[in-house]
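So the structure is just underneath, and the comments pick up after that.
The values are calculated or read from the model by the stated rules, or taken from the named source; none is laboratory data. The structure displayed is predicted, hence computed values, not measured ones. Here the Cβ is made from the backbone with ideal geometry for all residues, glycine too, and neighbour counts use every protein chain on show. Keep in mind that these areas ignore ligands, DNA and RNA; they rest on the heavy atoms of the full protein, side chains included. Shrake-Rupley method; radii C 1.70, N 1.55, O 1.52, S 1.80 Å.
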Amino acid sequence: MHLRKIAAVLLGLSMLLTGCSEEPAAKADSMEEASAGVQTEAQEQESTAEPVTDGVSDGGNISENADDTPVPEIAAEAAGEEAGSGVIEFIPMAQLPDLNMDPQTPFTVNDIYYTSILTPVYHENYRYQIREFTKRPARLVIDIGNTGSTDLVITDENMFYSILDEEGNEAAGSKVQGAPVTIAPGEIRRVVVTAQHPDAGLVFLDFGGMSHTVGHPFYFPTLDDAVDVTDTTPYYKYGYILEDENGNPFRIAQHFKQVIGNGKAKMTACNLMILENGKIGPIDKGDGFLAAVKVKIANTSDEVMTIDQLLVSGGGLLGVEFTEKDMALLGDRALPYTIEPRTIVEGWIPFRVRDGRDPYGIVFRTSHGGFVLEAMHSYPVYY
């Protein structure tokens, strides 16, 4: 099963790269696949399996629906863009949209290869939305909706943190707050799971006829992995490397805060913001909402680096080109498309969020090689 999931991800990434070797002015027609983990901000209050009502509940990272964005606001954004003047300001969304009980097609095993944070996950008899997922302390806050015909009962045995000590023994000290938690058919309840071991980051879910795991969204460097883009020292590291149809290699970052590099340049995704904006450049919220990922890039060479093409996928949009002119609309938040030798730049890239099954990825075709950030819907939310 694990090999099948890996094959599906690799196939999706190869489709994502289709067309990336075209001339910068051309637009790639398709990008495919990517999904993963995120964390919402840790809250101090100890919410305990209380029903979620009226779209608002105590604790967690819950928001009013992004579809409530006023029409005049969207029109003003579009007008500013068309006029070629004025900067589009980010309008932060207070919290993620609420989980609802609208009819949905259940996910397949491959759909949940990554831990989805910005989007709900749908199963045959239940669905969930992660609200918080932290280490130090180890804490998972999750809204669960019962779409089956019988009660769901959440216990320490069917939803739990797991981490092994040096002898291979379970050392998490996992606890479902207020267990057992009963969720009636048609009801949404908030469940809080904690662990005594501060580094625990893997949670097993085994109820409602479906068994799988969710993993803490951060990438944790080991051995010689870089922890951030803080200098211009050359770096050559990647989780996967794939080639486009013309044999050009692209370094793939599969996780939030994973640093990738090819000796000439390195980059990482270091922040994510969910937004109330209706449209930014060529990307609109459609039937979802907008988010923006902050990217940090270091030119580790002695030659000027240029971003020749930047393609964005997410929320049903595939391979949308975000040009330097589009980027200029972000003002001080813009990511520079020209990077001087031995310098570090950073800036924000918007994308649409809709369904966890949608492909999510940002492809960079640069003078210093190709790079891909995938699965942005698994990134944590910051402000």
Leading residue at positive end of dipole, region 185-305 (Cβ point charges), from 196, 247, 210: 196
Along the Cα-to-Cβ line of residue 243, 7 Å from the Cα, sits a label point; which residues in region 251-279 have backbone N less than 20 Å from it? 251-253, 261-264
Taking the Cα centre of region 179-250 as origin, sum charge times position over the Cβ atoms of Lys and Arg (+1) and Asp and Glu (-1), and report the length of that vector in debye to the nearest 20. 540 debye
What whole number of Å gives the distance from the Cα centroid of region 207-243 to the Cα centroid of region 273-293? 26 Å
Greater than 27 Å separation of Cα atoms is the criterion. Which listed pairs, 237/294; 237/285; 264/285; 296/325; 135/294; 135/264, meet it? 237/285; 264/285; 135/264
Interchain or long-range residues, amide H under 5 Å from residue 139's placed H: 134
Integer Hz, Karplus 6.51/-1.76/1.60 couplings in order for region 338-351, x for Gly and Pro: 10, 10, 5, x, 6, 10, 10, 10, 8, x, 9, 10, x, 8
Added length on full extension, which subtracts the Cα-Cα distance from 0.36 nm per residue, residue 213 to residue 167: 14.3 nm
Computed FRET efficiency, Cβ-Cβ of residue 222 and residue 149, R0 56 Å: what is it to the nearest 0.05? 0.80
Would you rank 193, 304 by solvent-accessible area, highest first, keeping every protein chain in place and using a 1.4 Å probe? 304, 193
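Just to confirm a number: summing +1 for Lys and Arg and -1 for Asp and Glu over residues other than residue 163 whose beta-carbon lies under 13 angstrom from that of residue 163, what do you get? Don't jump to the answer; show the numbers that get you there.
Numbers: positive: 135, 136; negative: 165, 166, 167, 170, 199.
Charge balance near residue 163 sits at -3.
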For region 250-383, report the accessible area per residue in Å² (1.4 Å probe, heavy atoms, rounded to an integer). 27 Å²
Could you give the length gained on full extension between residue 177 and residue 325, defined as 0.36 nm per residue of separation minus the Cα-Cα distance, in nm? 48.3 nm
Percentage of Cα-Cα pair distances in region 180-242 greater than 19 Å, rounded to whole percent? 60 percent
If you roll a 1.4 angstrom probe over the protein chains with everything in place, what fraction of the accessible area of region 188-301 belongs to carbon and sulfur, to the nearest %? 50 percent
Got a sec to turn the phi values of region 214-231 into Karplus ³J(HN,Hα) couplings, 6.51 cos²θ - 1.76 cosθ + 1.60 with θ = phi - 60°, whole Hz, x for Gly and Pro? 10, x, 3, x, 6, 8, 10, x, 9, 6, 9, 5, 6, 9, 5, 8, 10, 8
Note down the relative contact order for region 238-383 as a percent, whole number, built from C-alpha pairs under 8 angstrom at least six residues apart. 29 percent
Go through region 185-196 residue by residue and turn each phi into a ³J(HN,Hα) via Karplus (6.51, -1.76, 1.60, θ = phi - 60°); whole Hz please, and just put x for glycine and proline. x, x, 9, 10, 10, 8, 10, 10, 10, 10, 9, 6
Work out the FRET efficiency for residue 104 and residue 232 from their Cβ-Cβ distance, taking R0 = 41 Å, and round it to the nearest 0.05. 0.35
